[in-house]
Amino acid sequence: MTDRHILITGGAGYIGSMLTSELLRANYRVTVLDSLLFGGESIVPFLHHPNFHFIKADVTENRAVRDAVKRDWQKPDAIVHLAAIVGFPACQAVGKSVAWKYNVEATKNVYGQASDLGVEKIVFASTYSNYGLSENGKPVTEESSLNPQSLYAETKIASEEFLLSKADGACAPLLFRFATLYGISPRTRFDLIVNQFVLEAFTRRELIIYQRGYSRSFVHIRDVVRGVMMGLEADKEKVRGQVFNLGTDNGNYTKSDIVNFILKRMPETVVEYKNLTFGGDMRDITVSFEKIKRVLGFDTKFDIDDGVREVLFALKSGLIRNPTDDKYRNAQFIVQ
């Protein structure tokens, strides 16, 4: 139990709302900074919690973080920076200058304010898409070369490079490269492959699959949140300037594998494969998660079958209604 104070940018989003819930459960004090582009329903249940504070602000604003902590609470012990234009389709849609502003310049802005406030640690949400295509089919590690295949990955790499250049500063950066997420959160996304496939199978009783042979690494939203919390709780010097792939060695699947999980629960689904290729974020890689297990003792508790089951239950029971609304997708920006 702790009364440490954590500030989360993009805290009303897919990861942020779940992280907020778990931090409050662990007796942290939490400040959420979010522009509420996709609404704020995900954090409404926390509004009357004595350890919760919310401020509506844009992370590109010069005083957003400073103004968020103008209250009786002490300055944040750490900042989790999740706010961003997420994914290559969204970045392509807004263009390079806007993507760079919200993904790179905003990161510099948040770090600068964190440093000025004397924040001890900043946790940055990055992506394993930074690796691009793996060489010779070998698993990529945190030491592997980065080969971005999209504007989104380019912005994340630029942010990583900036933060790692500050590794010796008072505010210690910690970087997580997330695998592809799935599962239910207070603000569930349905533009993520596992969640999207379950939605399409449930609503249309059919799946049309492109690029069937591509293999990716997947991780449940709850495991991501637990990994981030382990990073927050780790000794500052242990994680200073460190990069961790966050996922599981047992989470590498092709699209056909995911289809099989869905067919197990919805066998009536008609599946059609089409050999079409799209530009953009072409990931066909195996990722090593040995480092995060060795250094932080992290391992996952959930698998894709758990994700399929819970998403299907949420749809069948009506816990999530109108899942095709834009608020369930990152077609725009700026919430993670």
Out of 115, 97, report the one residue that is without any contact (Cβ under 8 Å) to a residue 40 or more places away in the chain and either over 20 Å from residue 232 (Cα atoms) or hydroxyl-bearing (Ser, Thr, Tyr) (or both). 97
Scanning the range 261-279 for residues that are modelled with pLDDT of 95 or more and of a type outside the set (Val, Ile, Thr), which turns out farthest from residue 141 (Cα to Cα)? 268
What is the number of the single condition among (1) farther than 17 Å from residue 307 by Cα; (2) touching a Gly at 6+ places or on another chain (Cβ under 6 Å); (3) crowded, with 21+ Cβ neighbours inside 10 Å; (4) at pLDDT 95 or above that residue 159 does not meet? (2)
Being among the hydrophobic types (A, V, I, L, M, F, W, C), within 14 Å of the chain's Cα centre (by Cα) and in a strand (DSSP E or B) is the filter here; which residues of the range 148-197 pass it? 175, 176, 178, 181
Inspect all residues belonging to the range 194-206 and state whether any of them is under 26 Å from residue 91 (Cβ atoms), β-branched (Val, Ile, Thr) and at pLDDT 95 or above. yes
Wholly within the range 233-321, strands (runs of 3 or more DSSP E) carrying at least 2 residues that are without any contact (Cβ under 8 Å) to a residue 60 or more places away in the chain: 252-254
Condition (residue is touching a strand residue (DSSP E or B) at 6+ places or on another chain (Cβ under 9 Å), charged (D, E, K, R), touching a residue at least 40 places away in the same chain (Cβ under 8 Å) and farther than 19 Å from residue 232 by Cα) applied to the range 21-38: is it met by at least one residue? yes
Can you give me the number of residues within the range 163-176 that are among the small types (Gly, Ala, Ser) and crowded, with 18+ Cβ neighbours inside 10 Å? 1
Output the number of residues of the range 198-232 satisfying the condition of being part of a loop (DSSP other than H, G, I, E, B), out of contact with any Phe, Trp or Tyr (no Cβ under 9 Å at 6 or more places or on another chain) and either crowded, with 19+ Cβ neighbours inside 10 Å or not basic (Lys, Arg) (or both). 2
Please state which of the following conditions residue 215 fails to meet, knowing it meets all the rest: (1) within 20 Å of the chain's Cα centre (by Cα); (2) of a type in the set (Gly, Ala, Ser); (3) within 19 Å of residue 81 (Cβ to Cβ). (3)
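Which one of 6, 79, 43 is of a type in the set (A, V, I, L, M) and in contact with a Phe, Trp or Tyr (Cβ under 6 Å, 6 or more places away or on another chain)? Even if it seems obvious, please write down each step before you answer.
Details: 79 fails: in contact with a Phe, Trp or Tyr (Cβ under 6 Å, 6 or more places away or on another chain); 43 fails: in contact with a Phe, Trp or Tyr (Cβ under 6 Å, 6 or more places away or on another chain).
After applying the criteria, what remains is 6.
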So is residue 325 surrounded by fewer than 16 Cβ atoms within 10 Å (Cβ to Cβ), more than 30 Å from residue 61 (Cβ to Cβ) and either acidic (Asp, Glu) or at pLDDT below 70 (or both) or not? no
Might you check whether a residue that is surrounded by 24 or more Cβ atoms within 10 Å (Cβ to Cβ) and over 30 Å from residue 316 (Cα atoms) occurs anywhere in the range 177-197? yes
Looking at this structure, is residue 244 over 16 Å from residue 306 (Cα atoms), at pLDDT 95 or above and touching an Asp or Glu at 6+ places or on another chain (Cβ under 9 Å)? yes
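The values are calculated or read from the model by the stated rules, or taken from the named source; none is laboratory data. Note that the structure is predicted; figures quoted are calculated from it, not measured. Cβ sites come from the backbone with ideal geometry, for glycine too, and all protein chains shown count toward neighbours.
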